[in-house]
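Asks: Got a structure for you, questions after.
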Amino acid sequence: MKNTSSFIHLHVIVFILGFTAILGKLISIQAIELVWYRTMFAAFFIFLIIKFKKGSIKGSFRDIISYLLVGFVVATHWITFFHAIKVSNVSVTLACLSTTTLFTSIVEPIVMKRKFYWIEAVLGIFIIVGLFMIFKFETRFKLGIMFAVTSAMLAGVFSIINKKLTTGKDAYKISFYEMLGGFVLVTVYLFLFTDFKMTKLSITYMDAVYLLLLGSVCSAYAFTTVIELMKKISAYVVVLSINLEPVYGVVLAYFIFGSSEYMSTGFYIGAIIILLCVFLYKPLMKAFHKQ
């Protein structure tokens, strides 16, 4: 019963993660300003969680710099993700974001110094086929597709680096510094490389509500809850369930935004190919290692 409750809670979290893309489309400001607010709010709420748990943000100078640099990658991933939504739509962005598995399978052997398996290469080819079908049938969204694939690549990179950094360390502290690093990067970019004025950060009441939801519920709460749930549910079940994020997001977008999310048959075939590869990855790898 306890595991059933945790499993239901996990899917609520995945649903919340899928809602992130919806908020990205609802928020009227541009992607980079959106990420400025998200990283600021997320860092603030994670800091509150650390204090509530009577934790500490102290760490070695080297570790903190590493976390801040990873935060740069996370922020860039989010900027490309939200920009993809702005120039295309939620369905295209989430379908392309599913290719994170492909990029992870390429980056992980390099960073973690492990063997590259032929199953990963085969699934990678099928993922590319699925991506090609999306690009072929939805050429009107080619800019969004390129940004979404870039976002997926960056997600694969920081996921592997995070896996290496978090071993035996406080994930809350790491997340706080990563969000802080992302906030610093975006702030520096806005002030040094754009014709930026503080008035650009002014937002409407509804944008403020959406951004608070994004920073608190969809970022700080979702992340910390997943950490807690992994103590009760296997990591495999957690990862497999999180792969449903694009599915939940696309369904939500269909009902919320209507005709703007209607796609061609070719798009859905391509998206299904990618998602099948994502879901088959773990079972195939498990079967391969048993041989």
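Asks: Residue by residue through the stretch 253-280, note down the ones that are closer than 23 Å to F223 by Cα and modelled with pLDDT under 85.
Replies: Step one: filter the stretch 253-280 for residues closer than 23 Å to F223 by Cα, giving 253, 275, 278-279.
Answer for the stretch 253-280, where residues must be closer than 23 Å to F223 by Cα and modelled with pLDDT under 85: L275, V278, F279.
Asks: Moving to a separate point now. Looking only at the stretch 132-166, how many residues end up being farther than 26 Å from K25 by Cβ and part of a helix (DSSP H, G or I)?
Replies: Summing the residues that are farther than 26 Å from K25 by Cβ and part of a helix (DSSP H, G or I) in the stretch 132-166 gives 6.
Asks: Additional query: Mind checking which residues of the stretch 53-86 are out of contact with any Ser or Thr (no Cβ under 9 Å at 6 or more places or on another chain), of a type outside the set (S, T, Y) and part of a helix (DSSP H, G or I)?
Replies: F61, R62, D63, I64, I65, L68, L69, V70, F72, V73, K86
Asks: To continue, here is another question. Taking into account only those residues within the stretch 122-166 that are under 16 Å from S88 (Cβ atoms) and β-branched (V, I, T), which is modelled with the highest pLDDT? I'd like the intermediate steps shown before the answer.
Replies: Residues of the stretch 122-166 that are under 16 Å from S88 (Cβ atoms), as a first pass: 131, 133-152.
Next cut, β-branched (V, I, T) only: 134, 139, 145, 149-150.
Working: I134: 84, T139: 80, I145: 90, V149: 91, T150: 94.
Among those residues, the one meeting the criterion is T150.
Asks: For the stretch 89-126, how many residues meet the condition of being over 23 Å from E178 (Cβ atoms), in contact with a Lys or Arg (Cβ under 8 Å, 6 or more places away or on another chain) and in contact (Cβ under 8 Å) with a residue 12 or more places away in the chain?
Replies: Summing the residues that are over 23 Å from E178 (Cβ atoms), in contact with a Lys or Arg (Cβ under 8 Å, 6 or more places away or on another chain) and in contact (Cβ under 8 Å) with a residue 12 or more places away in the chain in the stretch 89-126 gives 2.
Asks: Now, a different point. For the list (1) under 24 Å from E228 (Cα atoms); (2) surrounded by fewer than 20 Cβ atoms within 10 Å (Cβ to Cβ); (3) out of contact with any Cys (no Cβ under 7 Å at 6 or more places or on another chain), I need the number of the one condition that F41 fails.
Replies: (2)
Asks: Looking at the structure I just gave you, is S105 of a type in the set (S, T, N, Q) and within 22 Å of the chain's Cα centre (by Cα)?
Replies: It is true that S105 is of a type in the set (S, T, N, Q) and within 22 Å of the chain's Cα centre (by Cα).
Asks: What number of residues in the stretch 260-288 are outside any helix (DSSP H, G or I) and either under 16 Å from V247 (Cα atoms) or not polar (S, T, N, Q) (or both)?
Replies: Counting residues in the stretch 260-288 that are outside any helix (DSSP H, G or I) and either under 16 Å from V247 (Cα atoms) or not polar (S, T, N, Q) (or both) gives 2.
Asks: Let me ask something else about it. State yes or no: is K169 closer than 30 Å to Y221 by Cα and either in contact with a Pro (Cβ under 6 Å, 6 or more places away or on another chain) or part of a loop (DSSP other than H, G, I, E, B) (or both)? Write out each step before concluding.
Replies: Values: closer than 30 Å to Y221 by Cα: yes; either in contact with a Pro (Cβ under 6 Å, 6 or more places away or on another chain) or part of a loop (DSSP other than H, G, I, E, B) (or both): yes.
It is true that K169 is closer than 30 Å to Y221 by Cα and either in contact with a Pro (Cβ under 6 Å, 6 or more places away or on another chain) or part of a loop (DSSP other than H, G, I, E, B) (or both).
Asks: For the stretch 103-159, how many residues are among the aromatic types (F, W, Y), buried (at least 20 other Cβ atoms within 10 Å of the Cβ) and over 30 Å from Y67 (Cα atoms)?
Replies: Summing the residues that are among the aromatic types (F, W, Y), buried (at least 20 other Cβ atoms within 10 Å of the Cβ) and over 30 Å from Y67 (Cα atoms) in the stretch 103-159 gives 1.
Asks: OK, next. Inspect all residues belonging to the stretch 196-211 and state whether any of them is under 21 Å from the mean Cα position of the chain (by Cα), in a helix (DSSP H, G or I) and either buried (at least 21 other Cβ atoms within 10 Å of the Cβ) or at pLDDT below 75 (or both).
Replies: There is at least one residue in the stretch 196-211 that is under 21 Å from the mean Cα position of the chain (by Cα), in a helix (DSSP H, G or I) and either buried (at least 21 other Cβ atoms within 10 Å of the Cβ) or at pLDDT below 75 (or both).
Asks: Another one. Tell me whether the stretch 45-61 contains one or more residues that are in contact with a Gly (Cβ under 7 Å, 6 or more places away or on another chain), hydroxyl-bearing (S, T, Y) and either over 29 Å from A208 (Cα atoms) or crowded, with 16+ Cβ neighbours inside 10 Å (or both).
Replies: So far as the stretch 45-61 goes, no, none of its residues is in contact with a Gly (Cβ under 7 Å, 6 or more places away or on another chain), hydroxyl-bearing (S, T, Y) and either over 29 Å from A208 (Cα atoms) or crowded, with 16+ Cβ neighbours inside 10 Å (or both).
Asks: Let me ask something else about it. Please go through the stretch 77-88 and pick out each residue that is in contact (Cβ under 8 Å) with a residue 60 or more places away in the chain and not small (G, A, S).
Replies: H77, W78, I79, T80, F81, H83, I85, K86, V87, listed by residue number.
Asks: Being modelled with pLDDT under 80, outside any loop (DSSP other than H, G, I, E, B) and of a type outside the set (V, I, T) is the requirement here; does K113 meet it?
Replies: no
The values are calculated or read from the model by the stated rules, or taken from the named source; none is laboratory data. The structure displayed is predicted, hence computed values, not measured ones. As a convention, Cβ positions derive from the backbone with ideal geometry for all residues, glycine included, and neighbour counts pool all protein chains shown.
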